[in-house]
Amino acid sequence: MTRDSTLSAAILGPSSLPKQVALVVGGSLLIALCAQVSVPMVPVPMTLQTLAVLLVGLTFGARLGAATVLAYLAEGAAGLPVFAGGAAGAAHLAGPTAGFLWGFVAMAWLAGLAVERGLARGFLTTAAVALAVSALLYLPGVLWLERATPLDLSGAISAGMLPFLPGDAVKAVIAALVVTGGWAALRARRG
């Protein structure tokens, strides 16, 4: 096992199409379940989606992580109730939260790329990567929120970023704990 491989590859062994499909389906279901853990806020609800997206990216790697989020978005666009609060429909991919939804693809990809490049090796570096990609999610999220609503940039930051910063920091630390804990458990099991 090399530390620059992904946790999913270290656990499941060589990649195959059936394994990749199973990971994408399972990961998209995780994101959908975490989207249902929601605190209603307007115009952006607080959910555990970002935690799930971080876990997918940090565990699956860049391409498979991004593919998993794209599958999640496709499921929602197709009418499955996977978005926050059981919402569904393609309109969500152009509505006020669309910048965050599309940003999840980049978030998973960047987290996975950091893992593949060996930038997320232990708890501290994994937490730093998770915090950085979480912060970057606000770029498309807030900018789109400003464009899709009557809010100006200051209002979009106040409504779509500031209330979420503490929770996203906690979720980034939890993701780092889970992923580094997974690596530790795998090393212990293999002796």
Within segment 35-70, tally of residues that are touching an Asp or Glu at 6+ places or on another chain (Cβ under 8 Å) and closer than 20 Å to ILE157 by Cα: 1
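Residue-wise test of (1) more than 15 Å from the chain's Cα centre (by Cα); (2) farther than 27 Å from ALA184 by Cα; (3) at pLDDT below 95; (4) surrounded by 19 or more Cβ atoms within 10 Å (Cβ to Cβ).
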{"site": "LYS19", "(1), (2), (3), (4)": "yes, no, no, no"}
{"site": "VAL44", "(1), (2), (3), (4)": "yes, yes, yes, yes"}
{"site": "LEU54", "(1), (2), (3), (4)": "no, no, no, yes"}
{"site": "LEU58", "(1), (2), (3), (4)": "no, no, no, yes"}
{"site": "LEU80", "(1), (2), (3), (4)": "yes, yes, no, no"}
Across segment 25-42, what is the total count of residues that are more than 14 Å from the chain's Cα centre (by Cα), over 19 Å from GLY112 (Cα atoms) and either in a helix (DSSP H, G or I) or in contact (Cβ under 8 Å) with a residue 60 or more places away in the chain (or both)? 2
What pairs can you find where one residue is in segment 74-86 and touching a residue at least 12 places away in the same chain (Cβ under 8 Å) and closer than 16 Å to VAL37 by Cβ, the other is charged (D, E, K, R) and surrounded by 14 or more Cβ atoms within 10 Å (Cβ to Cβ), and their Cβ atoms are less than 7 Å apart, with a gap of 6+ or different chains? VAL82/GLU75
Filtered residue count, segment 112-139, keeping only those that are assigned to a helix (DSSP H, G or I) and touching a residue at least 60 places away in the same chain (Cβ under 8 Å): 8
Just checking, which of THR149, THR180 is over 25 Å from LEU55 (Cβ atoms) and β-branched (Val, Ile, Thr)? THR149
Tell me whether segment 98-106 contains one or more residues that are in contact with a Leu (Cβ under 9 Å, 6 or more places away or on another chain), of a type in the set (Val, Ile, Thr) and crowded, with 23+ Cβ neighbours inside 10 Å. no
Right, VAL24: surrounded by 19 or more Cβ atoms within 10 Å (Cβ to Cβ) and at pLDDT below 95 or not? no
Every residue from segment 46-63 that is assigned to a helix (DSSP H, G or I) and not small (Gly, Ala, Ser): GLN49, THR50, LEU51, VAL53, LEU54, LEU55, VAL56, LEU58, THR59, PHE60, ARG63
Tell me yes or no: at least one residue of segment 99-108 is more than 20 Å from PHE60 (Cα to Cα) and either assigned to a helix (DSSP H, G or I) or modelled with pLDDT of 95 or more (or both). yes
May I ask you to list the residues in segment 60-78 that are crowded, with 21+ Cβ neighbours inside 10 Å and over 14 Å from the mean Cα position of the chain (by Cα)? GLY76
Do you know which of the residues in segment 124-155 that are surrounded by 20 or more Cβ atoms within 10 Å (Cβ to Cβ) and within 12 Å of the chain's Cα centre (by Cα) is nearest to GLY167 (Cα to Cα)? SER134
Subset of segment 71-81 (residues that are over 30 Å from SER158 (Cβ atoms), part of a helix (DSSP H, G or I) and either in contact with an Asp or Glu (Cβ under 9 Å, 6 or more places away or on another chain) or not charged (D, E, K, R) (or both)): ALA71, ALA74
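The values are calculated or read from the model by the stated rules, or taken from the named source; none is laboratory data. Keep in mind it's a predicted model, so treat the numbers as computed, not measured. Neighbour counts are summed over all protein chains in view; Cβ atoms, including those assigned to glycine, are modelled from backbone coordinates with ideal geometry.
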